[in-house]
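The values are calculated or read from the model by the stated rules, or taken from the named source; none is laboratory data. Predicted model, so just to flag it, every value in this text is computed and none were measured. Every residue, glycine among them, receives a Cβ derived from its backbone with ideal geometry; neighbour counts consider all protein chains shown. Accessible surface is based on the protein model in full, side chains and every heavy atom, while ligands, DNA and RNA are left aside. Shrake-Rupley method; radii C 1.70, N 1.55, O 1.52, S 1.80 Å.
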Amino acid sequence: NVRSTVQSFDGVPIDVNIAFPSTGGDGPYPLVMMFHGYGGGKANFDEMQRWLNKGYAVFAQTNRGFHESCGTPLAKAADPDCVTKGFVRLDDTRYEVRDAQIFAGTLVDEGLVQPTRIAATGGSYGGGMSMALAALKNRTMLPDGTLVPWQSPGGTPMSLAVAVPEIPWTDLSYSLVP
């Protein structure tokens, strides 16, 4: 995988892949967000192809603290925010989930994605991400726990249309220490 990072809301560099369908015009497209299992990384372009073939834009991120999202010595050396804020937060709604919401919103602001035709999917840890996005639906949780309307960075209202968790956990702490 090639490291291709963008800064999240708090400056942490998150490694992402984004792809657009080769047919169907210039967008805006419906979006599928694909999330990885614990210890995994962003989906590659081959894994995105089934959704691209159906006319969806596809977004995948490597969550904080894994691989090139502050999880390797080189990634940590590349950005000081990795050391202070780029660690694994166990799918914390205030951080990893918000990262995905920020990036989807940026694609909306760029006119590439439809703000209310967004899907989330993933297995295990990624299933937890998709369930958290479904629970929030049209809200974002700030670092202090406050819930606010989910809006793109430019202020467009956003909402998740569907979540398809695959083999998810429903209580992460219980799954780790039953």
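Report yes if some residue within the stretch 71-79 is at pLDDT below 95 and open to solvent by less than 20 Å² (accessible area, probe 1.4 Å); otherwise report no.
So far as the stretch 71-79 goes, yes, one or more of its residues are at pLDDT below 95 and open to solvent by less than 20 Å² (accessible area, probe 1.4 Å).
Of the residues Ser130, Ser124, which is at pLDDT below 95, open to solvent by less than 60 Å² (accessible area, probe 1.4 Å) and within 17 Å of Asn63 (Cα to Cα)?
Going through Ser130, Ser124 in turn, the sole match is Ser124.
Let's see how each residue does on (1) open to solvent by less than 30 Å² (accessible area, probe 1.4 Å); (2) modelled with pLDDT of 95 or more:
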position	(1), (2)
Phe66	yes, yes
Phe87	no, no
Asp99	yes, yes
Ile102	no, yes
Pro115	no, yes
Ala134	no, yes
Leu142	no, yes
Gly154	no, yes
Pro168	no, no
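Give the residue, chosen from Val58, Val16, Val6, Val32, that is part of a strand (DSSP E or B), touching a strand residue (DSSP E or B) at 6+ places or on another chain (Cβ under 9 Å) and surrounded by fewer than 17 Cβ atoms within 10 Å (Cβ to Cβ).
Exactly one residue qualifies, and that residue is Val6.
If Asn53 meets every condition in (1) open to solvent by 50 Å² or more (accessible area, probe 1.4 Å); (2) more than 30 Å from Pro157 (Cβ to Cβ); (3) of a type in the set (S, T, N, Q) apart from one, which number is that one?
(2)
Hey, among the residues in the stretch 35-50 that are in a helix (DSSP H, G or I) and not basic (Lys, Arg), which one's least open to solvent (accessible area, probe 1.4 Å)?
Met48
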